[in-house]
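What follows is a set of notes on a single structure, which appears directly below.
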Amino acid sequence: MADKKLNWAVLGVGVIANEMAQAFHKQGKTLYAVANRTHEKAVAFAEKYSVPKVYDAIDDLFTDDAVDVIYLTTPHNTHYPFIKRALENGKHLLVEKSITLNSRELDEMIALAAEKNLVLAEAMTIWHMPLYKTLWNQIARGDFGRVQIITLNFGSFKPYDMRNRFFNLDLAGGALLDIGVYALSIVRSFMAEKPTEILSQWKPSPTGSDEMSTILLKNTCGQMATVALAMHSKQPKRAVISCERGYIEIMEYPRAEKAIYVDAATGAVKEIFAGEQTNALYYEIEDMERAINTGDASIMRLGFSKDVMDVMTALRKNWNLRYPNETW
């Protein structure tokens, strides 16, 4: 039986929504509909990408029976109510990272999605890039030996404009939910089990958001990780996965297409290529549609997203960093 053609709608028209629309065009497809808080921006988006339907109100998106999947690109603090509304109306959901603010919200939505028999997933590029699927398979085969320790950096230099989302607590701003989620997703994907021991230190920005942090992680298998994050200091997006027989180095890891493996005994260097970084959202669409059409959502790795959210929630509780009106 041929796969069902799915009607996608996008909620929010920021940078990532534009990239998703372009990914659809690469596949010879178009989005079915668009909604946005500012209607005029939704109209402009629809005209730019030949989207046939624009909703006058966001709620009309959730109640449109023709919509199969919603791609949610709005700020973090809006995700929980929008996810709940969408699931209650029978929509599958691909949600920009971070999928929710905290573990309580995510656990509730996982339960609701299961009750409704719907696919709920985080739009985490790492879960879908062919390079990572290749590396995970190689590690599972034992090609590099056991993963021992993982080291990650991610730093962006964002100017101190406290009105933008990067430092705005009302929009759940801060390094952890915006960029740390990538680093922690790498950690979880290469660890055999989720981290259970968590130590950290952090520095708040002038608004009280998390501007910088260093994080130490360990799981019950004895695997460890170190993570350094910054929102007002540039760092390379660099991951090093140290194994028994050598180490894997990945640059620009959120959408990586290349890794370097260095053999510990000989020093020999091997380059590993898979996929293309320009197709990152294309891969997300493919996997999401496969999950919906087959009924097997394991490819979306929601369990990993939950483990990452549990770590981030534990960190913020330790820092006593709660967003306005947030309930843990």
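Tell me whether segment 321-328 contains one or more residues that are more than 20 Å from Ser200 (Cα to Cα) and buried (at least 16 other Cβ atoms within 10 Å of the Cβ). Among the residues of segment 321-328, at least one is more than 20 Å from Ser200 (Cα to Cα) and buried (at least 16 other Cβ atoms within 10 Å of the Cβ), which makes the answer yes.
Kindly check whether there is at least one residue in segment 3-20 that is in a strand (DSSP E or B) and charged (D, E, K, R). Taking every residue of segment 3-20 in turn, none turns out to be in a strand (DSSP E or B) and charged (D, E, K, R).
As a summary of the residue check, Thr38 satisfies the conditions (1) of a type in the set (S, T, N, Q); (2) touching a Ser or Thr at 6+ places or on another chain (Cβ under 8 Å); (3) closer than 30 Å to Met312 by Cβ except for the one numbered (2).
Rundown of residues vs (1) out of contact with any helix residue (DSSP H, G or I) (no Cβ under 9 Å at 6 or more places or on another chain); (2) outside any helix (DSSP H, G or I); (3) touching a residue at least 40 places away in the same chain (Cβ under 8 Å), yes/no style:
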residue	(1), (2), (3)
Leu229	no, yes, yes
Ala239	no, yes, yes
Ile250	no, yes, yes
Pro254	no, no, yes
Gly267	yes, yes, no
Ile292	yes, no, yes
Ser305	no, no, yes
Met312	no, no, yes
Thr327	no, yes, yes
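Take the conditions under 27 Å from Tyr247 (Cβ atoms), crowded, with 19+ Cβ neighbours inside 10 Å and in contact with a strand residue (DSSP E or B) (Cβ under 8 Å, 6 or more places away or on another chain) and apply them to Tyr283. Does it pass? Spelling it out, it is not the case that Tyr283 is under 27 Å from Tyr247 (Cβ atoms), crowded, with 19+ Cβ neighbours inside 10 Å and in contact with a strand residue (DSSP E or B) (Cβ under 8 Å, 6 or more places away or on another chain).
Among the numbered conditions (1) over 21 Å from His128 (Cα atoms); (2) touching a strand residue (DSSP E or B) at 6+ places or on another chain (Cβ under 8 Å), the only one that Ala21 does not meet is (1). Tell me whether segment 112-124 contains one or more residues that are modelled with pLDDT of 95 or more, surrounded by fewer than 22 Cβ atoms within 10 Å (Cβ to Cβ) and within 27 Å of Ala239 (Cβ to Cβ). No: segment 112-124 contains no residue that is modelled with pLDDT of 95 or more, surrounded by fewer than 22 Cβ atoms within 10 Å (Cβ to Cβ) and within 27 Å of Ala239 (Cβ to Cβ). Which of the residues that make up segment 218-246 are within 23 Å of Gly173 (Cβ to Cβ) and among the aliphatic types (A, V, I, L, M)? Val227, Ala228, Leu229, Ala230, Met231 - these are the residues of segment 218-246 that are within 23 Å of Gly173 (Cβ to Cβ) and among the aliphatic types (A, V, I, L, M). Only strands (runs of 3 or more DSSP E) whose full extent lies in segment 136-222 are considered here, and the ones with at least 2 residues that are within 21 Å of the chain's Cα centre (by Cα), buried (at least 20 other Cβ atoms within 10 Å of the Cβ) and aliphatic (A, V, I, L, M) are 147-157, 210-218.
Within segment 195-216, the residues that satisfy the criterion of being touching a strand residue (DSSP E or B) at 6+ places or on another chain (Cβ under 8 Å) and among the small types (Gly, Ala, Ser) are Ser200, Ser205, Ser213.
Within segment 303-328, can you find the residues that are under 12 Å from Leu177 (Cβ atoms) and not aliphatic (A, V, I, L, M)? Across segment 303-328, the qualifying residues are Thr313, Arg316, Tyr323, Glu326.
Just give me the residues in segment 223-234 being crowded, with 16+ Cβ neighbours inside 10 Å and over 17 Å from Val311 (Cα atoms), in sequence order. If the condition is that a residue be crowded, with 16+ Cβ neighbours inside 10 Å and over 17 Å from Val311 (Cα atoms), then Ala230, Met231, His232 are the ones that fit.
Here segment 23-54 is the region considered, the condition is being touching a residue at least 60 places away in the same chain (Cβ under 8 Å) and under 16 Å from Leu72 (Cα atoms), and the residue that is surrounded by the fewest Cβ atoms within 10 Å (Cβ to Cβ) is Ala23. The number of residues in segment 21-56 being outside any helix (DSSP H, G or I), closer than 19 Å to Tyr283 by Cα and of a type outside the set (Ser, Thr, Tyr) comes to 4.
Which condition number in (1) in contact with a helix residue (DSSP H, G or I) (Cβ under 6 Å, 6 or more places away or on another chain); (2) closer than 22 Å to Tyr80 by Cβ; (3) in a helix (DSSP H, G or I) is the one that Ile126 fails? Of the numbered conditions (1) in contact with a helix residue (DSSP H, G or I) (Cβ under 6 Å, 6 or more places away or on another chain); (2) closer than 22 Å to Tyr80 by Cβ; (3) in a helix (DSSP H, G or I), the odd one out for Ile126 is (2).
The values are calculated or read from the model by the stated rules, or taken from the named source; none is laboratory data. Computed from a predicted model, the values in this text were never measured in an experiment. Using ideal geometry, Cβ is built from the backbone for each residue, glycine included, and neighbour counts are taken over all protein chains shown.
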